[in-house]
Amino acid sequence: MPTAPTGYDPSLGEKFIFVTGGVMSGLGKGITAASTGRLLSNAGFDVTAVKIDPYLNVDAGTMNPFQHGEVYVLKDGGEVDLDLGNYERFLDIDMTSDHNVTTGKTYQHVIEKERAGDYLGKTVQIIPHITDDIKRRIREAAQGHDVCIVEVGGTVGDIEGMPFLEALRQFVHEQDEGDFLLTHVTLVPYSKNGEQKTKPTQHSVKELRSIGLQPDILVGRADDELDPETKRKIALFCDVPTDAVFSNPDVEDIYHVPLTVEEEGLDQYVMEQLNLSDRALPADERDNRWRELVTQETSGSLDVALVGKYALEDAYLSVHEALKHAGLERGVDVNVLWVDAEEMTADDRGRLKGADAVIVPGGFGVRGTQGKIDAIRYAREEGTPFLGLCLGFQLAVVEFARNVAGLEGAYSSEFDEAADHPVVALLPEQYEVEDMGGTMRLGAYETDIEPDSLAAELYGGTSCTERHRHRYEVNPEYIDRLEDAGLVFSGKVNNRMEILELPDHPYFVGTQFHPEFRSRPGRASPPFLGLLDAALDAEVRSPEVDA
């Protein structure tokens with residue numbers, strides 16, 4: 001969904017909104033920040049974002065998805081926190097690794113400078129050297145934009161977050177008044193008698209003020225809207241105007257959060273405090289497509305089986321969101337049916353019989369691999385629309401090699417280096433790799449698509465640019481044998497296989513890349529749209545769709 005025209009004026013400088021959180025993690029700071037950005041974008045401003053992650057990892061690339069959610073990949077190959085995926089989807093922008101600041105990245109840079117003698121013999125300390133580097137990164141990411149939203153991960157009081165909060169304190173001190181806002185997101189729980197309790201918010205703000213940061217806006221996360229009396233109490237004890245206390249209640253879909261906080265008046269208050277009101281588009285000229293898209297009525301539903309090994313939605317967040325985007329464009333609800341690949345067996349197809357489509361997503365490691373292969377075989381043999389992503393693409397090659405091409409013992413060398421037929425093998429450039437972090441084939445590559453193929457129909461042309469994250473590829477030694485058996489490789493990058501399809505199947509598509517990372521509300525990913533179109537056209541459509 002393209003953003004509205006911008007009224008950026010370099011002479012006016014960038015505005016900054018810092019978003020912190022208290023009481024507990026996982027409250028929705030990222031969605032609150034992204035929703036604020038969406039509303040400012042609707043009002044005509046050019047908005048970008050920075051996510052600060054206080055962990056010691058240089059990036060998210062080596063982190064377990066079950067602990068931290070999916071690893072989101074940016075166009076430049078940056079492996080980052082899933083919140084940056086939310087920023088890209090809400091703001092419809094492409095970000096780079098410069099928009100993700102971690103403790104590991106910051107300390108590594110400062111230590112490298114110290115080793116090179118760049119500090120001219122000075123004692124290198126957290127203040128000012130680490131904090132200066134943090135501020136530099138924020139300012140560079142914000143340059144050229146009207147507003148930069150900076151989310152600080154974790155909660156106020158975490159020891160690992162202290163250098164970043166100190167950097168924000170200095171940042172605020174250096175900025176002109178009216179060029180920054182501090183938004184603090186806190187939990188407002190209910191007592192057993194149904195009373196909204198403000199004490200957690202009070203203590204969280206007290207912790208924030210103890211390090212020299214006074215919030216300008218407080219956003220209360222609760223099951224329902226904050227009562228007027230709750231807002232007045234929070235304002236009194238936290239020293240903010242009552243008008244600066246906003247509700248962010250639970251909603252059915254995260255894409256409704258911008259609508260909820262807009263009704264609360266959060267965007268108007270932000271623009272007034274940042275002196276942006278006069279530069280904003282008039283209310284009747286603002287981009288209203290987001291509201292129209294996410295509030296449209298749907299007709300029917302589809303059940304899509306997601307076959308994976310992490311029983312955690314955040315581990316496959318972008319896949320869920322891409323299905324949602326496709327559903328919005330086709331006017332249907334998409335229900336994701338979780339199928340544990342470890343429990344899936346060749347004889348246990350009942351888990352898939354009720355599904356209108358099957359997706360096998362990306363991943364690493366041998367656990368659950370056979371279950372995914374069995375699910376792929378089911379989809380191929382039963383004519384169920386199928387989409388394989390990255391590892392799902394590779395395992396589709398393995399399944400086809402074993403059960404159609406007659407290559408008994410076919411497998412990926414990732415899981416069995418002594419496989420009789422390693423139809424998926426390590427990329428040549430990966431043999432010399434020693435470090436695990438940031439060394440895969442990462443980021444955006446342009447794929448050449450065969451004319452008159454299903455892929456060309458999906459993408460509306462003979463090329464596409466999508467993001468990658470993998471170490472293995474289809475073994476070139478087996479391509480001819482696979483193609484002779486009927487597998488079509490319709491997309492390639494420098495003779496590397498990128499897209500596969502089966503012509504005699506209602507929809508059997510695999511992509512070595514991750515199309516889910518570029519899917520947006522109002523601009524759904526072509527392979528996901530194709531999957532839903534095939535499911536809607538198939539005889540296995542759900543009763544609701546038939547009705």
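The values are calculated or read from the model by the stated rules, or taken from the named source; none is laboratory data. For clarity, every value in this text was computed on a predicted model and none was experimentally measured. Here the Cβ is made from the backbone with ideal geometry for all residues, glycine too, and neighbour counts use every protein chain on show.
Structure values in brief
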quantity	calculated
Qualifying residue in region 291-299 (condition: surrounded by 18 or more Cβ atoms within 10 Å (Cβ to Cβ), modelled with pLDDT under 95 and in contact with a helix residue (DSSP H, G or I) (Cβ under 6 Å, 6 or more places away or on another chain))	yes
Residue in region 108-130 that is touching a residue at least 40 places away in the same chain (Cβ under 8 Å), aliphatic (A, V, I, L, M) and part of a loop (DSSP other than H, G, I, E, B) present	no
Count of region 183-195 residues which are surrounded by fewer than 21 Cβ atoms within 10 Å (Cβ to Cβ) and touching a residue at least 24 places away in the same chain (Cβ under 8 Å)	3
Among (1) under 22 Å from residue 342 (Cβ atoms); (2) surrounded by fewer than 22 Cβ atoms within 10 Å (Cβ to Cβ) - the single one residue 445 does not satisfy	(1)
Answer residue from region 317-343, given it is of a type in the set (A, V, I, L, M, F, W, C) and within 18 Å of residue 530 (Cβ to Cβ) and is surrounded by the fewest Cβ atoms within 10 Å (Cβ to Cβ) among those	336
Condition broken by residue 461, with the remaining ones in (1) modelled with pLDDT of 95 or more; (2) under 18 Å from residue 399 (Cβ atoms); (3) surrounded by fewer than 17 Cβ atoms within 10 Å (Cβ to Cβ) satisfied	(2)
Out of 144, 157, 153, 161, sole residue that is surrounded by fewer than 19 Cβ atoms within 10 Å (Cβ to Cβ), touching a strand residue (DSSP E or B) at 6+ places or on another chain (Cβ under 9 Å), touching a residue at least 40 places away in the same chain (Cβ under 8 Å) and assigned by TED's automatic domain parsing to the domain that holds residue 279	144
Pick from region 484-521, criterion in contact with a Gly (Cβ under 6 Å, 6 or more places away or on another chain) and hydrophobic (A, V, I, L, M, F, W, C), ranking: nearest to residue 90 (Cα to Cα)	499
Enumeration of residues in region 302-316 that are among the hydroxyl-bearing types (Ser, Thr, Tyr), at pLDDT 95 or above and either surrounded by fewer than 23 Cβ atoms within 10 Å (Cβ to Cβ) or in the same structural domain as residue 71 (by TED's automatic domain parsing) (or both)	none
Those residues of region 279-330 which are farther than 23 Å from residue 359 by Cβ, basic (Lys, Arg) and in a helix (DSSP H, G or I), in sequence order	279, 289, 291
Residue match in region 76-83 (condition: assigned to a helix (DSSP H, G or I), surrounded by 14 or more Cβ atoms within 10 Å (Cβ to Cβ) and without any contact (Cβ under 8 Å) to a residue 60 or more places away in the chain)	no
Selected residue (criterion: surrounded by the fewest Cβ atoms within 10 Å (Cβ to Cβ)) from residues of region 203-221 that are hydrophobic (A, V, I, L, M, F, W, C) and farther than 21 Å from residue 190 by Cα	211
Whichever residue in region 195-221 is among the acidic types (Asp, Glu) and not in a helix (DSSP H, G or I) and, among such residues, is nearest to residue 152 (Cα to Cα)	216
Qualifying residue in region 175-192 (condition: closer than 17 Å to residue 248 by Cα and assigned to a loop (DSSP other than H, G, I, E, B))	yes
Only listed residue being at pLDDT below 95 and among the charged types (D, E, K, R), chosen from 484, 480, 537	537
Residues of region 222-268 classified as free of Cβ contacts under 8 Å to residues at least 60 places away in the same chain, part of a helix (DSSP H, G or I) and surrounded by 19 or more Cβ atoms within 10 Å (Cβ to Cβ), total	6
Matching residues, region 32-53, being surrounded by fewer than 24 Cβ atoms within 10 Å (Cβ to Cβ) and more than 19 Å from residue 274 (Cβ to Cβ)	none
Of the criteria (1) under 28 Å from residue 258 (Cα atoms); (2) in contact with a Ser or Thr (Cβ under 6 Å, 6 or more places away or on another chain); (3) not hydrophobic (A, V, I, L, M, F, W, C), which one residue 139 fails	(2)
Residue in region 424-438 that is under 25 Å from residue 370 (Cβ atoms), surrounded by fewer than 20 Cβ atoms within 10 Å (Cβ to Cβ) and polar (S, T, N, Q) present	yes
